[in-house]
Amino acid sequence: MKLTVCAYVIFLLFSIACKKEVKDDLSINQIESLMKIFPESPSSKDEIKLVIYDDCAYNTLSKNKRTGKIIDIEKQFNSMMKWPCVQRNDTIPIGKLPEGTYTVNYKLLDISTQVTQPIAFSTSFDLVVSR
């Protein structure tokens, strides 16, 4: 009995340790479940916002920059801190934009000195602003 329980516990720990979530190839529907632009069809008169659903409270905004038609948004965290993920929705203001099509680049970076892959999550999508 002890051997069966030990084997089950080792299997459970191994399966949890080997689980890796890959979010690089997300579909439009998956991205929309993680984040959304408000208002849905923005015009040049609207204050535009990016809402990130179920974001960990310890993820802090480190960059919100527009260069021409490119909008770069970065958030960061430190995985060495081992903080629990308290989920909340985060609203990032983008502001009023002139008419056009913009590319929004979003990155979540792990600033820990012990990680080999600092980009925890990255995605890009188009934002169309009407007149």
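Coordinate-derived values only; no laboratory data. Not measured: the values here are computed from a predicted model. Glycine gets a Cβ as well: all are built from the backbone with ideal geometry, and neighbour counts include every protein chain shown.
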The whole-number value in µm²/s of the Stokes-Einstein translational diffusion coefficient for segment 29-131, with Rh from the Kirkwood sum over alpha carbon pairs at 37 °C and 0.692 mPa s, is 227 µm²/s
Need the full-extension length gain, residue 69 to residue 115, defined as separation in residues times 0.36 nm minus the C-alpha distance. One decimal, nm. 13.4 nm
Between residue 45 and residue 128, 0.36 nm times their residue separation minus their Cα-Cα distance comes to what? 28.6 nm
Each label sits 7 Å from Cα toward the beta-carbon; between residue 89 and residue 61 the label points are separated, in nm, by 1.6 nm
Residue 80 and residue 96 label points (each 7 Å along its Cα→Cβ direction) are spaced in nm at 4.5 nm
Integer Hz, Karplus 6.51/-1.76/1.60 couplings in order for segment 107-118, x for Gly and Pro: 9, 10, 10, 9, 8, 5, 7, 9, 9, 8, 10, x
